[in-house]
Amino acid sequence: MKKKQLAKLKKQFRPSFEGARKQLFDKMIEKAAALYQLHIRVFIDPKQPNDMMIELLDPTDRDQQIKVPLDDNFKTVVKRIQNEEEGLLDRFSENLVEEIASYWSPDAARQQASTTPEPKKAEAKKEVAKKEVAKKTEPKAEPKVETATANDSALTAFSEQISAFPKFAVNETKDQIEVVEQTAKETRLLATISKTEENSFTIETALERKYKLKLDVIPVIEAFAKTPLSER
């Protein structure tokens, strides 16, 4: 059989977008039970087609359901699963379930993270939708840098604001200030702010992928970047 004919045949048997999304939901349910002993239901509410609903079937003191907006990045990943990209379904579903566990079963999530070896590939490791679940437990930081005092500096205030977000921290080098995410596996760079130029900063892709979380963090970074150098 010619290669073009074989490719066409394979394409005909690929799942639809909805089918690929159902594969992802089923895999999440499977991994939640296998890795964290959590029994969940993952579905799309017809009244809210742009959201992924995740329902915990076990007793809990927290909300029984959580909602994750499905943006273009999520749809892109589903399309890649539809195209049968090797290993993506397992990686992406496991990352999502890790965040679900961190909300409903934080002790189990920490234990699993400490025993899971670092993956060979980082791609799709912190993909779309991931932090929307964790955001349910995050304190909100106001997008405003506190005024410096004799016992406090704008940098100190900025560090405290960033540290209010779980696993986030501020590092300082000779030329720039870095916002990083510290996990059990690695330290991921999220943003950099120049120490020599006002209003000069870079938002890394890792932060852009964090859904609504970036809407809380980026204004804090922007406000600090605009702070006069003499007041930092």
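The values are calculated or read from the model by the stated rules, or taken from the named source; none is laboratory data. From a predicted model like this one, the values you see are computed outputs, not experimental measurements. Note: ideal-geometry Cβ built from the backbone for every residue, glycine included; neighbour counts use all protein chains shown. Quick note on the areas: whole protein, heavy atoms, side chains included, nothing else; ligands and nucleic acids left out. Shrake-Rupley method; radii C 1.70, N 1.55, O 1.52, S 1.80 Å.
Quick one: which of 202, 227 is assigned to a strand (DSSP E or B) and either in contact (Cβ under 8 Å) with a residue 24 or more places away in the chain or touching a strand residue (DSSP E or B) at 6+ places or on another chain (Cβ under 7 Å) (or both)?
Numbers: 227 fails: assigned to a strand (DSSP E or B).
The match here is 202.
Here are the criteria: (1) at pLDDT 90 or above; (2) surrounded by 12 or more Cβ atoms within 10 Å (Cβ to Cβ); (3) of a type in the set (A, V, I, L, M, F, W, C). Tell me which single one residue 74 does not satisfy.
Residue 74 satisfies all of (1) at pLDDT 90 or above; (2) surrounded by 12 or more Cβ atoms within 10 Å (Cβ to Cβ); (3) of a type in the set (A, V, I, L, M, F, W, C) except (1).
Filter the stretch 174-194 down to the residues that are basic (Lys, Arg) and over 19 Å from residue 217 (Cα atoms), then identify the one that is least open to solvent (accessible area, probe 1.4 Å). If you could, list the steps in order and put the result at the bottom.
Here is the first cut: in the stretch 174-194, the residues basic (Lys, Arg) are 174, 185, 188.
Filter again for over 19 Å from residue 217 (Cα atoms), leaving 174, 185.
Details: 174: 178, 185: 68 Å².
Filtering first and then ranking leaves 185.
I need the full set of residues from the stretch 158-173 which are out of contact with any strand residue (DSSP E or B) (no Cβ under 7 Å at 6 or more places or on another chain) and surrounded by 19 or more Cβ atoms within 10 Å (Cβ to Cβ), in order please. So that I can check it myself, show each step before the final result.
Within the stretch 158-173, the first condition is being out of contact with any strand residue (DSSP E or B) (no Cβ under 7 Å at 6 or more places or on another chain), and the residues that meet it are 160-161, 164-166, 172-173.
The answer is 161, 165.
Contact list please: Cβ distance under 7 Å, first residue in the stretch 63-78 and touching a residue at least 40 places away in the same chain (Cβ under 8 Å), second residue open to solvent by 80 Å² or more (accessible area, probe 1.4 Å), pairs at least six apart or on different chains.
Hits for this filter: 66/136; 69/50; 70/50; 73/209.
Filter the stretch 195-210 for residues that are within 15 Å of residue 170 (Cβ to Cβ), within 24 Å of the chain's Cα centre (by Cα) and open to solvent by 30 Å² or more (accessible area, probe 1.4 Å) and give the result. Spell out the reasoning first.
Step one: of the stretch 195-210, the residues within 15 Å of residue 170 (Cβ to Cβ) are 195, 201-204, 207.
Still in the running and within 24 Å of the chain's Cα centre (by Cα): 201-204, 207.
Selection gives 201, 202, 203, 204.
Given the criterion modelled with pLDDT of 95 or more, more than 21 Å from residue 106 (Cβ to Cβ) and part of a helix (DSSP H, G or I), identify the matching residue among 27, 10, 4. It would help to see each step written out before you state the result.
Numbers: 10 fails: modelled with pLDDT of 95 or more; 4 fails: modelled with pLDDT of 95 or more.
Checking each option against the conditions leaves just 27.
Can you tell me which residues in the stretch 33-58 are among the hydrophobic types (A, V, I, L, M, F, W, C) and part of a helix (DSSP H, G or I)? If you could, list the steps in order and put the result at the bottom.
Of all residues in the stretch 33-58, those among the hydrophobic types (A, V, I, L, M, F, W, C) come to 33-35, 38, 40, 42-44, 52-54, 56-57.
Result: 33, 34, 35.
Does the stretch 211-231 hold any residues that are basic (Lys, Arg) and open to solvent by 60 Å² or more (accessible area, probe 1.4 Å), and which are they? Step through it out loud before you land on a result.
Quick first cut of the stretch 211-231, residues basic (Lys, Arg) only: 212, 214, 226.
Selection gives 212, 226.
Can you give me the number of residues within the stretch 55-111 that are farther than 22 Å from residue 185 by Cβ, under 19 Å from the mean Cα position of the chain (by Cα) and hydroxyl-bearing (Ser, Thr, Tyr)?
1
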